[in-house]
Amino acid sequence: MPQVLTAARTAIDRGLAVFPLPIGGRVPEPGWQRPATVLPELLAGRGVGIGCRASHVVALDLDVHGDDDGRGVLAALADRLGATVPETFTVATPSGGRHLYFQAPMGCTIGSVSGGHSPLGPGIDVRGPGRRSGGYLVGPGSVVDGRPYVIAPDVPVAPLPCWLAERLQGQR
């Protein structure tokens, strides 16, 4: 699985900490937070997870399910606020969604929220460093149900924009 190690190295080069996921799986083993590392060799024969606390990032999981179009919801929110969504390290998901990674502000306690309860709107799940263990996302190079998670685009991780941080602060 050379594509897994190549993608993991790219994520690590962008400052993201990785940990192993079961082959073809999305759910890590208990205690996944401890092995978050910048050593892709520890992933040999596994999938890739990205730990938000270890990486000090906030990640937006823009889902595409039925009427929930996270990409459209985020674009509409930015437009309504006269803001822009900066280009940042992004992973395209097998379902057509996107994982957008942003550097968390110092002292950030933004937690993880999913299932349509995000303050950003429907179709947007949030994974943050939180107060304890933080959230995670399936990382680039992983393959679930025969479909890959692919880096698109490979650019530096941008700082979390203030307009997003203001809406997410206080999530634990």
- When the helix-only estimate is applied to the chain (DSSP H runs of n ≥ 4, each -39,500 (n - 2.57), divided by the residue count), what is the mean residue ellipticity at 222 nm, nearest 500 deg cm²/dmol? -5500 deg cm²/dmol
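Would you please give the FRET efficiency between H117 and D79, computed as 1/(1 + (r/R0)^6) with r the Cβ-Cβ distance and R0 = 22 Å, to the nearest 0.05? Present the calculation step by step, with values, prior to reporting the outcome.
On the way: r = 22 Å, r/R0 = 1.02.
The formula returns an efficiency of 0.45 here.
Based on Cβ point charges of +1 for Lys and Arg and -1 for Asp and Glu, what charge dipole magnitude is obtained for segment 1-136 about its Cα centre, in debye rounded to the nearest 20? Let's see the in-between values first.
Values: 12 positive and 11 negative charges, 98 e Å.
Rounded to the nearest 20 debye, it is 480 debye.
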- Got a number for carbon plus sulfur as a percent of segment 47-172's accessible area, 1.4 Å probe? 51
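Given the chain, what percent of its DSSP beta bridges are antiparallel, to the nearest 5?
Numbers: 29 of 31 bridges.
For the chain, the DSSP antiparallel bridge percentage is about 95.
Over its Cα atoms, what ratio of radius of gyration to 2.2 N^0.38 Å does the chain give?
Expressed relative to 2.2 N^0.38 Å, the Cα Rg reads 0.96.
The values are calculated or read from the model by the stated rules, or taken from the named source; none is laboratory data. The structure presented is a predicted model; accordingly, all values stated were derived computationally and were not measured. Positions of Cβ are backbone-derived with ideal geometry, glycine not excepted, and every protein chain shown enters the neighbour counts. Accessible surface areas use protein heavy atoms only, side chains included; no ligands, DNA or RNA. Shrake-Rupley method; radii C 1.70, N 1.55, O 1.52, S 1.80 Å.
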